[in-house]
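Input: a single structure, listed below in structure tokens.
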Amino acid sequence: MTTESRHEDTLPRSSRVTAVVLPVVLLVVIGAACALRLPAAAATAVPPGRAGPVRCELSAYVSDLYDIDPAKGRFSARLWLWTICPDKSADPLPKISYANADDPNPSEPNIIEQDGHVLDQVRVQSSFRQEWDVRNFPFDRHRIEIVLTAPQDTNHFRFAVNNADAQVNPEIRPEGWRVTGFRLVSATKHYTTTYGDHSLKDGSTYDRVRIRIDLERSSPTIFWKLTIPLYLAVLIAVSTFLISSRREELETTARLDGVYNRLGVLGGGLFVVVLNMQQANDVITSPSGLTLIDWLHLATLAFLLLAVAATVLAWSWTSRGGSPTRAEHVGHRGAWLGLAAYVVVCGTLVLLAARG
């Protein structure tokens, strides 16, 4: 009885021990597994970097500006760029993109470490693409740009422009142009693609700096070269109407010769205007509409065509019995009125272009 009683007492005690030890063993096993995984997790974890994107100060000095050609949509420039970054790895100049450059030729970088920052200087020379609006030539004003794009998206890199140190060479004298302004402007460019970076959503955005140079024409010489033939054609056309026959009546043959001569002069004027218009298009072209030069040519063509029409109508009227003297008088008055209207139209076009 005693032995059986002791045996019955030990079974419940063993169960209680098992109930206590088993959870402890499980905790130890789980803890060991976690301990084995921690080093791997620590090895793959990315150490925290800087708060926000890296920022580098950028400035520029335009030393030369040349080969300004609106007809080809190009200009050329030579400039210095420099950046001040917290460290060399953040320097954007080696990988910066010149968005509108044809074939940029940067010099070797000049890197200087100072005051805990890295200064990088580089000289760049290239021709640059530019859209031009020459509709108001020779009163057109332009803002040309050199566009720089950061090598990394805005999540990792941003420019900080320094206009206080940015300058343009005051000795720059582009042929036919005058520099009227200079400024660096911050901007961004959004692309719908992520360029393979799956961490980005809805495309990618890159920081940009626009180096803006304001220009205006310094000489109207080309304008006068292109328009003087128009004015001469109009004056010669007017003179053919002002020549008096000094006779009350002329024979039909003589009057017909006069008509032929006038039509020959007017036809020559039309040929000169059309030829001059083609030459002007080689110098001044605008994809955005008609230029002031185009409007002046069209006004001159309209004047000469009206003169041709007036000559034909006058001949038709006199050939049906109308008075040649009266036709000549009307022709004189019409020539003066036509010249006055031509001057008013051309003057208005020039004033509108000058006001921009």
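Conditions (1) at positive phi; (2) surrounded by fewer than 19 Cβ atoms within 10 Å (Cβ to Cβ); (3) touching a strand residue (DSSP E or B) at 6+ places or on another chain (Cβ under 7 Å); (4) acidic (Asp, Glu), marked per residue:
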site	(1), (2), (3), (4)
ASP257	no, yes, no, yes
GLY267	no, yes, no, no
VAL274	no, yes, no, no
LEU290	no, yes, no, no
ILE293	no, no, no, no
LEU301	no, yes, no, no
LEU304	no, no, no, no
THR311	no, no, no, no
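Here GLU251 meets the list (1) charged (D, E, K, R); (2) touching a Phe, Trp or Tyr at 6+ places or on another chain (Cβ under 9 Å); (3) modelled with pLDDT under 80 almost entirely, failing just condition (2). A Cβ distance below 6 Å, combined with a sequence gap of six or more or placement on separate chains, defines the contacts here; from the range 182-201, residues that are of a type in the set (Lys, Arg) reach no residue that is outside any strand (DSSP E or B). The listed residues are SER319, SER323, and the only one of them that is small (Gly, Ala, Ser), assigned by TED's automatic domain parsing to the domain that holds PHE241, out of contact with any Lys or Arg (no Cβ under 6 Å at 6 or more places or on another chain) and touching a residue at least 24 places away in the same chain (Cβ under 8 Å) turns out to be SER319. Consider the range 215-236 and keep the residues that are outside any helix (DSSP H, G or I) and of a type outside the set (A, V, I, L, M, F, W, C). The one that is farthest from ASN261 (Cα to Cα) is GLU216. Every test in (1) part of a helix (DSSP H, G or I); (2) farther than 24 Å from GLY268 by Cα is passed by PHE303 save one, and that test is (2).
Checking ILE172, ILE144 one by one, the residue that is modelled with pLDDT under 95 and either in a strand (DSSP E or B) or of a type in the set (Val, Ile, Thr) (or both) is ILE172 and no other. Candidates in the range 63-119 are the residues that are polar (S, T, N, Q) and assigned to a loop (DSSP other than H, G, I, E, B); of these, the one that is surrounded by the most Cβ atoms within 10 Å (Cβ to Cβ) is ASN100. Here ASP214, ASP207, ASP133, ASP165 are screened, and the one residue that is acidic (Asp, Glu) and over 21 Å from the mean Cα position of the chain (by Cα) is ASP165.
Only a single item in (1) modelled with pLDDT under 85; (2) farther than 30 Å from PRO170 by Cβ; (3) in the same structural domain as LEU351 (by TED's automatic domain parsing) is not met by TYR195, and it is number (3).
The values are calculated or read from the model by the stated rules, or taken from the named source; none is laboratory data. Just so it is clear, the structure is predicted and the values come from calculations on it, not from any experiment. Neighbour counts run over all protein chains shown; Cβ positions are idealised from the backbone, glycine included.
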